[in-house]
1. Got a sec? How would 98, 74 order by Cβ neighbour count within 10 Å, fewest to most?
2. With N set to the number of residues, divide the alpha-carbon radius of gyration of region 87-147 by 2.2 N^0.38 Å and report two decimals.
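Bear in mind that the values in this text are calculations on the coordinates, not laboratory data. Just so we're clear, the structure is a prediction, and the values are computed from it rather than from any experiment. Because the Cβ atoms are built from the backbone with ideal geometry, glycine has one as well, and the counts that use them run over all protein chains shown.
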């Protein structure tokens, strides 16, 4: 009987932490805000723990990043336009599905980002690390080649 009492709250927590893929924003719209759970980062409308700085990028870097993402085994691009990418990323160990949205703002020279987990209350920092790895990739692409 005690196991049954433990299963109900656990199931409630798991189901409460489940979300579906975000909708693609319209042209010039901000990325959807993160919810109240600590499993999302957002440069466009993030506040508190969900806030993260946008990625700095030129048009060439944006195009190179899109090509690079399309080649990644754990990334599946689900929507793409000239200035927007939406993808599902599978985590390496548990194969959880996370949603990433990248919105290139050419005049500002940046990429607004949103990365969120579909399952669980906390992402244990996975979404922030994912965006920071994209930032590092862009920085390495911008670095001048050494002779």
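1. 74, 98
2. 1.34
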